[in-house]
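Engineer: Quick one: the structure is below, questions incoming.
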Amino acid sequence: MSENLIDILYKEKICPIIRNKDAKSVIDIAHALHDGGIKVLEINVENTSIYGAIGEVSKFAGVCAGGIITSTQAEAAIQSGAKLLSSPIFSMNLVKLSKDKGIPFIAGTSTANEAYEAWKARIPLIKIYPITALGGTMYLEDLLRPMPFLNIMPLGNVKIDEVKSYIDIGAKVVGVGRDLYDGLSLSEITNRAKKVVNELRI
């Protein structure tokens with residue numbers, strides 16, 4: 001996948017986030033999501049076995065390595081095949097590594113000040129996390145009103161039925177975690193992915 005994954009996320013408007021300690025489960029969920037039309041997904045680095053899953057999933061989908069806090073994690077994720085890095089924090093060390101490696105970086109922020117600082121650092125996509133705990137769509141609307149230039153990806157307990165409302169008020173991309181896959185069969189995961197992908201194309 002030669003196209004920049006950030007550009008694909010801008011077009012697709014959704015980024016599934018897989019958090020699972022079992023590498024095989026990660027691969028199976030990623031396959032099911034991909035079958036539902038998902039082109040780019042985030043795999044949270046829960047343990048070292050997940051780097052192998054990143055390598056496998058990167059053969060058929062664009063992979064963002066999530067939960068990255070240290071440069072060591074970032075290096076291992078890139079070597080495994082990740083073409084995008086995502087962190088729950090805004091770290092200038094990771095900003096620098098991302099620029100050095102030519103791998104885009106999504107920084108995690110919570111406040112207006114943090115989001116603005118990330119934008120000044122030329123972060124292409126800025127996480128607002130945990131969005132539901134912060135106030136959901138109302139919080140995002142308040143954040144974007146004075147700073148509509150921010151490219152925001154809200155995430156944190158977002159339900160698939162809420163994705164469209166976040167996009168409608170100005171989110172560039174929405175991160176959805178367990179509501180897409182938790183407790184579901186692989187075919188159900190594919191159907192849920194199809195539902196939200198189709199809704200965002202209308």
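The values are calculated or read from the model by the stated rules, or taken from the named source; none is laboratory data. These numbers were taken from a predicted model, which means no experiment stands behind them. Quick reminder, even Gly has a Cβ in these numbers, built from the backbone with ideal geometry, and neighbours come from all protein chains shown. The accessibility values were calculated without ligands, DNA or RNA, using every heavy atom of the protein model including side chains. Shrake-Rupley method; radii C 1.70, N 1.55, O 1.52, S 1.80 Å.
Engineer: Give me the pairs: first residue in the range 129-154 and more than 14 Å from GLY175 (Cα to Cα), second residue charged (D, E, K, R) and open to solvent by 50 Å² or more (accessible area, probe 1.4 Å), beta-carbon distance under 8 Å, and six or more apart or on different chains, which are they?
Structural biologist: From the range 129-154, the pairs are GLY135/ASP142.
Engineer: Checking LYS59 against (1) in contact with a helix residue (DSSP H, G or I) (Cβ under 9 Å, 6 or more places away or on another chain); (2) not in a helix (DSSP H, G or I); (3) not polar (S, T, N, Q), which test does it fail?
Structural biologist: So LYS59 meets the others, but not (1).
Engineer: Among the residues of the range 180-202, which ones are of a type outside the set (A, V, I, L, M) and crowded, with 18+ Cβ neighbours inside 10 Å?
Structural biologist: TYR181, THR190, ARG192
Engineer: Here's a check for you: in the range 1-54, which residue that is in contact with a Ser or Thr (Cβ under 7 Å, 6 or more places away or on another chain) and of a type in the set (Asp, Glu) is surrounded by the fewest Cβ atoms within 10 Å (Cβ to Cβ)?
Structural biologist: If we take residues in the range 1-54 being in contact with a Ser or Thr (Cβ under 7 Å, 6 or more places away or on another chain) and of a type in the set (Asp, Glu), then ASP35 is surrounded by the fewest Cβ atoms within 10 Å (Cβ to Cβ).
Engineer: For the range 1-31, which positions are over 27 Å from LYS99 (Cβ atoms) and either in contact with a Phe, Trp or Tyr (Cβ under 7 Å, 6 or more places away or on another chain) or of a type in the set (Ser, Thr, Tyr) (or both)?
Structural biologist: Of everything in the range 1-31, those that are over 27 Å from LYS99 (Cβ atoms) and either in contact with a Phe, Trp or Tyr (Cβ under 7 Å, 6 or more places away or on another chain) or of a type in the set (Ser, Thr, Tyr) (or both) turn out to be SER25, ILE29.
Engineer: Can I ask one more? Residues of the range 29-52 being farther than 15 Å from GLY81 by Cβ and of a type in the set (Gly, Ala, Ser), which ones?
Structural biologist: ALA32, GLY36, GLY37, listed by residue number.
Engineer: In the range 93-150, what residues are charged (D, E, K, R) and open to solvent by less than 40 Å² (accessible area, probe 1.4 Å)?
Structural biologist: Result: LYS127, single match.
Engineer: With (1) among the β-branched types (Val, Ile, Thr); (2) free of Cβ contacts under 8 Å to residues at least 12 places away in the same chain; (3) crowded, with 18+ Cβ neighbours inside 10 Å as the list, and ILE78 as the residue in question, which single condition is left unmet?
Structural biologist: Going through (1) among the β-branched types (Val, Ile, Thr); (2) free of Cβ contacts under 8 Å to residues at least 12 places away in the same chain; (3) crowded, with 18+ Cβ neighbours inside 10 Å one by one, ILE78 breaks only (2).
Engineer: State all residues of the range 1-20 that are out of contact with any helix residue (DSSP H, G or I) (no Cβ under 8 Å at 6 or more places or on another chain) and either modelled with pLDDT of 95 or more or not in a loop (DSSP other than H, G, I, E, B) (or both); if no residue qualifies, say none.
Structural biologist: LEU5, ILE6, ASP7, ILE8, LEU9, TYR10, LYS11, ILE17
Engineer: Is it true that some residue in the range 112-130 is touching a Gly at 6+ places or on another chain (Cβ under 8 Å), assigned to a helix (DSSP H, G or I) and of a type outside the set (Phe, Trp, Tyr)?
Structural biologist: no
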